[in-house]
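Student: I'd like to ask you about the structure that follows.
The values are calculated or read from the model by the stated rules, or taken from the named source; none is laboratory data. Every value quoted in this text rests on a predicted model; they were computed, and no experiment measured them. So basically every Cβ, Gly included, is an ideal-geometry build from the backbone, and we count neighbours across all protein chains shown. Just the protein is used for accessible areas: all its heavy atoms, side chains included, with ligands, DNA and RNA removed. Shrake-Rupley method; radii C 1.70, N 1.55, O 1.52, S 1.80 Å.
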Amino acid sequence: MPESCDVALPVPLESAFTYRIVNGEPPVVGGRVLVPFRQQRMSGIVVDLHERAPKVPAKNVISVLDSTPVLNQQLLKLGRWIADYYLAPLGEVFRSMLPLSAEFKKAIGYRITDEGRMALHRAGMAGSSARSRRTPQEQLEEFRLLDYLAERDVVREERLRSMGHASKALLSGMARKKWITREDLSQARNAARTVKIAVLAGTLEDGKRLNDNQRTLLDTLAAADGRIAVQTLREVEVPRTTLDTLVRRKLVEIVEEPADFHVSAVKPRPFDFQFTPAQQSALNCIQDGVTAGKFGGVLLHGITGSGKTAVYLAAMRAVLESGRSSILLVPEIGLTPAVAADLHQVFGEEVAILHSALSDQERAEQWHRIHRGEARVVVGTRSAVFAPVSDLALIIVDEEHDSSYKQEETPRYHARDVAVVRAKMANAMVVLGSATPSLESYFNATQHKYALLELRDRVEQRPLPEVEIIDMRQEFQETGQEQVISRKLAQEIKERLDRGEQAMVLLNRRGYSPVVLCRSCGKTLECKNCAIALTHHKRARKMECHYCGYSAPVPQHCIHCGSEYVYFLGTGSEKLEELLDGLFPQARIGRMDRDTVRGRQDFERILCALHERKIDLLVGTQMIAKGHDIHGVTLVGVVGADIALGMPDFRAAERTFQLLTQVAGRAGRGYVPGKVVLQTYFPDHYAVQYAAQHDFAGFYDKELRFRSWMHYPPCSALANVLMRSNKLDDVLQWSGLLGRWFESTRQEGIRVLGPAPAPIVRLKEDYRYHFVLKSPSREKLNNLLRAMLAYAAGEKIPRTQLIVDVDALWLM
Ligand SMILES: [Zn+2]
Ligand SMILES: [Zn+2]
């Protein structure tokens with residue numbers, strides 16, 4: 001019987017912590033335990049059971065939360081890989097893998113101390129101290145609280161608050177005087193919702209009789225095959241005590257069962273889809289891989305409208321029919337209720353859908369359904385890659401280039417890359433699909449790490465849209481003024497509206513005007529927390545920071561010099577909507593951006609209106625570019641196509657190419673061919689040119705050459721090391737320390753750029769400096785980063801202020 005266990009806790013420390021096992025239920029490796037850590041209680045994952053004596057006296061485990069592992073061997077191994085690859089603390093990785101926070105209830109309690117009793121006693125004898133600087137009201141409240149606590153053991157904070165006994169300030173003040181102590185009372189709770197079921201139990205003994213009410217209930221139960229929810233039974237008009245009597249007489253038993261999360265009565269429909277030969281051969285290739293039962297990767301490069309989704313669903317359906325499991329990852333915005341309905345049609349009750357709108361409790365319930373093997377098809381966003389399915393045969397990553405797969409907080413994993421590693425561990429097949437594959441994935445395919453499958457044609461031989469580039473510099477010269485909507489785009493929109501067709505216009509910037517400038521002193525209005533200009537939101541009548549959410553009133557005068565000459569410059573989606581409304585007053589115009597879409601329901605509502613042709617013209621940010629299929633849209637206009645090209649980021653060209661290709665892909669998905677009008681100030685830029693020609697391979701070659709020259713991914717491994725603090729001095733000092741350390745530990749082949757101010761030098765009150773590291777060898781890079789973290793810990797640089805982002809997507 002092991003005496004100790006090592007526990008990985010969700011704290012920013014690399015090591016596991018040893019605790020003594022006390023009698024009671026023994027912990028298991030991969031299961032959760034509740035343990036004391038500093039002044040708190042925490043739930044962590046047991047990573048080892050052993051007899052080794054700890055170096056320092058170990059505390060006891062408080063309770064064992066799981067008798068069987070919640071992370072099996074494969075997921076534990078995957079967690080270790082993530083911790084190692086992304087240099088993240090193991091406990092924080094495990095926390096990201098398990099959506100079970102609902103099963104742990106945080107609670108704080110307070111208890112009176114001997115000092116507190118003495119204070120109370122003195123107050124009772126002498127009244128309040130004359131020298132006290134506290135107001136009589138404060139003292140009164142303190143003694144009222146002491147009085148209350150003196151009669152009791154430990155009392156929960158929420159109880160004290162609900163009784164109006166205590167504010168946070170009062171409690172912490174009293175704790176500082178040592179009159180009361182704070183205790184963590186957190187505990188596990190059973191988060192699973194249950195329902196009470198009445199079950200017909202015994203038979204009536206001879207000679208015993210039933211009254212009419214009892215008879216009625218028993219008949220109702222019998223008619224329902226002897227099982228019925230207590231709640232339903234309560235609707236029968238008999239006294240509430242009748243059921244209790246029947247239970248006491250052992251004629252009925254009450255059992256508790258987990259509430260079914262989502263009982264959809266939908267039975268899967270037969271799957272009869274007419275595949276094109278290209279779709280069929282892609283499907284065959286995936287199925288051969290699944291049947292082979294060993295790891296294999298496929299990059300499915302299919303142009304927009306080529307029917308990738310049908311291939312995914314058919315492959316997953318086949319896996320389900322063979323009794324095995326599959327996972328489909330989709331980007332954040334992809335899981336609308338309509339998509340969910342389709343999934344239920346194909347997979348019936350065997351599908352678990354994990355999206356960001358689930359509550360913690362619903363998330364935990366879905367997790368348990370998958371864990372119990374009730375759902376063998378999992379569809380979800382990023383963290384669904386950790387779904388606890390057994391006998392995994394297939395993982396599909398849809399729109400694999402999408403940046404929402406990268407988690408932008410610790411652990412900073414990329415779900416696509418984790419999917420590949422998990423498939424390897426499970427001897428499963430992994431499929432990465434996209435119309436615009438990331439440079440990384442396409443590079444891997446050319447290196448034969450994945451097989452490359454291509455769908456080169458749209459379904460039903462629909463043509464790709466014709467793309468016309470409008471040079472906005474020329475438009476300026478010819479019209480003599482700065483235009484938002486070119487004459488050509490206006491004319492094309494008018495033609496579509498006259499013919500009763502629909503159009504979309506993309507402007508990837510929300511709000512009304514992105515900049516407020518004073519013409520007298522030349523200064524702009526910045527966020528008080530970030531080095532970012534505030535955006536004017538006209539309808540909401542405020543200035544807003546798009547990075548931290550700070551908002552301010554719309555200025556009448558310059559806040560720097562008091563001048564009245566404040567100008568609102570530039571155009572966002574809100575202003576574009578207004579301009580289009582002015583040009584086409586009869587058109588019904590919709591807008592889709594983060595201001596009009598707050599949740600999945602809004603997104604769905606706008607798409608629905610577009611589908612039902614209640615909207616003629618849709619304006620929006622990149623949201624309108626994401627994979628939906630509206631047949632009536634025959635024109636896509638792009639305004640400010642090149643906003644991203646101006647960003648100091650090596651992925652700017654790739655992002656622009658992807659966005660332009662994806663949004664162009666929305667045009668002409670029905671019977672009428674589509675057209676795209678692309679307005680730009682950089683008509684010759686290769687990202688714009690290749691997107692206009694629908695030439696992914698051309699773009700890839702050009703971009704890869706640039707990456708290779710500059711030693712950027714995929715030609716090199718990259719990490720961003722960011723230091724942040726609300727004190728500029730801290731950041732400068734840490735930059736200096738780490739800069740000298742990198743200098744002194746020169747590693748062959750590794751390039752260290754920096755320290756330099758991050759492009760956004762101040763964000764959410766923090767100053768930010770960074771290093772960018774590039775290395776031909778990932779192993780060398782990670783060794784250097786690990787040594788750097790050890791050095792930083794020695795120099796007392798807080799781990800939470802030093803961010804290591806391996807394979808960073810953003811260097812801003
Ligand atoms: Zn001014
Ligand atoms: Zn801000």
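Student: Could you tell me whether region 542-557 includes any residue that is basic (Lys, Arg) and farther than 27 Å from Asn726 by Cα?
Tutor: The answer is no; no qualifying residue exists.
Student: Working carefully through the options Ile559, Ile532, find the one that is within 16 Å of ligand 2 (Cβ to nearest atom), farther than 23 Å from His355 by Cα, of a type outside the set (Lys, Arg) and at pLDDT below 90.
Tutor: Working: Ile532 fails: at pLDDT below 90.
Testing whether each residue is within 16 Å of ligand 2 (Cβ to nearest atom), farther than 23 Å from His355 by Cα, of a type outside the set (Lys, Arg) and at pLDDT below 90 leaves just Ile559.
Student: For region 166-219, how many residues are open to solvent by 30 Å² or more (accessible area, probe 1.4 Å) and out of contact with any strand residue (DSSP E or B) (no Cβ under 9 Å at 6 or more places or on another chain)?
Tutor: 21
Student: How do the strands (runs of 3 or more DSSP E) wholly within region 330-407 filter down when requiring 1 or more residues that are in contact with a His (Cβ under 8 Å, 6 or more places away or on another chain): which remain?
Tutor: 351-354, 377-380
Student: Among the listed residues Arg600, Arg613, identify the single one that is in contact with a Pro (Cβ under 8 Å, 6 or more places away or on another chain), more than 16 Å from ligand 1 (Cβ to nearest atom) and under 23 Å from Arg666 (Cα atoms).
Tutor: After applying the criteria, what remains is Arg600.
Student: Further question: If I filter region 547-572 down to residues being aromatic (Phe, Trp, Tyr) and part of a strand (DSSP E or B), which single residue comes out as least open to solvent (accessible area, probe 1.4 Å)?
Tutor: Top of the filtered list is Phe568.
Student: Considering every residue within region 605-620, establish whether at least one is more than 16 Å from ligand 2 (Cβ to nearest atom), surrounded by fewer than 17 Cβ atoms within 10 Å (Cβ to Cβ) and under 28 Å from Met647 (Cβ atoms).
Tutor: no
Conditions tested, residue by residue: (1) among the acidic types (Asp, Glu); (2) in contact with a helix residue (DSSP H, G or I) (Cβ under 7 Å, 6 or more places away or on another chain).
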residue: Val566; (1), (2): no, no
residue: Leu569; (1), (2): no, no
residue: Ser573; (1), (2): no, no
residue: Asp581; (1), (2): yes, no
residue: Arg598; (1), (2): no, no
residue: Glu604; (1), (2): yes, yes
residue: Leu607; (1), (2): no, no
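Student: Could I ask something else about it? Within region 513-535, take every residue that is in a strand (DSSP E or B) and either more than 16 Å from ligand 1 (Cβ to nearest atom) or of a type in the set (D, E, K, R) (or both) and give me the one that is most open to solvent (accessible area, probe 1.4 Å).
Tutor: Restricting to residues being in a strand (DSSP E or B) and either more than 16 Å from ligand 1 (Cβ to nearest atom) or of a type in the set (D, E, K, R) (or both), the top hit is Glu526.
Student: Enumerate the pairs (first residue in region 326-338 and within 14 Å of Asp602 (Cβ to Cβ) and in contact (Cβ under 8 Å) with a residue 24 or more places away in the chain; second residue anywhere and part of a helix (DSSP H, G or I) and acidic (Asp, Glu)) with beta-carbon separation below 9 Å, excluding pairs fewer than 6 apart on the same chain, so at least 6 apart or on different chains.
Tutor: Cβ pairs passing all conditions: Thr336/Glu604; Pro337/Glu604; Ala338/Glu604.
Student: Within region 573-605, can you find the residues that are part of a loop (DSSP other than H, G, I, E, B), closer than 19 Å to Ala490 by Cβ and in contact (Cβ under 8 Å) with a residue 24 or more places away in the chain?
Tutor: Phe584, Gln586, Ala587, Arg588
Student: Being away from ligand 1 (no atom under 16 Å from the Cβ), open to solvent by less than 70 Å² (accessible area, probe 1.4 Å) and within 13 Å of Leu525 (Cα to Cα) is the requirement here; does Glu544 meet it?
Tutor: yes
Student: Still on this structure, I have one more. Kindly indicate whether Tyr547 is near ligand 2 (Cβ under 10 Å from one of its atoms), aromatic (Phe, Trp, Tyr) and at pLDDT 90 or above.
Tutor: Details: near ligand 2 (Cβ under 10 Å from one of its atoms): yes; aromatic (Phe, Trp, Tyr): yes; at pLDDT 90 or above: yes.
Yes: the conditions hold for Tyr547.
Student: In region 602-647, what residues are under 21 Å from Gly511 (Cα atoms) and among the small types (Gly, Ala, Ser)?
Tutor: Gly620, Ala625, Gly637, Gly640, Ala641, Ala644, Gly646
Student: Residues in region 631-644: is at least one at pLDDT below 90, touching a Ser or Thr at 6+ places or on another chain (Cβ under 6 Å) and within 27 Å of Lys764 (Cβ to Cβ)?
Tutor: yes
Student: For the structure I just gave you, tell me whether Lys727 is at pLDDT 95 or above, in contact with a strand residue (DSSP E or B) (Cβ under 6 Å, 6 or more places away or on another chain) and not hydrophobic (A, V, I, L, M, F, W, C).
Tutor: Considered against the rule, which asks whether it is at pLDDT 95 or above, in contact with a strand residue (DSSP E or B) (Cβ under 6 Å, 6 or more places away or on another chain) and not hydrophobic (A, V, I, L, M, F, W, C), Lys727 comes out as no.
Student: Has region 87-99 got at least one residue that is in contact (Cβ under 8 Å) with a residue 40 or more places away in the chain, closer than 30 Å to Glu158 by Cβ, touching a Cys at 6+ places or on another chain (Cβ under 8 Å) and not hydroxyl-bearing (Ser, Thr, Tyr)?
Tutor: No, that holds for no residue.
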